[in-house]
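The values are calculated or read from the model by the stated rules, or taken from the named source; none is laboratory data. Just so we're clear, the structure is a prediction, and the values are computed from it rather than from any experiment. Counting neighbours? That spans all protein chains shown, and the Cβs are built from the backbone with ideal geometry, glycine included.
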Amino acid sequence: MKLSELLPKQKAIIKSIGDIGELKNRLMELGVLCGEPIQVVRIAPLGDPIEIRIGDEHLALRNEDAQKIEVEAISQLRKRERKGLS
């Protein structure tokens, strides 16, 4: 699932960061790394940008960039763990 598909207050784990050019390095410096938990705080009224929280940091991302970040919702991870598929 893409980061742009998460709803406000929904949490996920970052699986991969696609090709977002120079922004990728900047995001990695700010802690946007594979395996890190991320949460959508809120989405602007027109859907762009979205505010995310990683650790204590709050960042705003364009929807276009959020579509290139692959995540797995924590609720999905828990379901897989319960079924023994982790």
Mind listing whichever residues of segment 43-68 are in contact (Cβ under 8 Å) with a residue 24 or more places away in the chain, charged (D, E, K, R) and loosely packed, with under 15 Cβ neighbours inside 10 Å? E57
Can you tell me which condition K11 does not meet? The list is (1) within 11 Å of A73 (Cα to Cα); (2) modelled with pLDDT under 90, and all the others hold. (2)
Hits in segment 26-52 (condition: part of a helix (DSSP H, G or I) and under 13 Å from the mean Cα position of the chain (by Cα)): L27, M28
Residues within segment 8-25 that are outside any loop (DSSP other than H, G, I, E, B) and under 15 Å from R53 (Cα atoms), tallied: 4
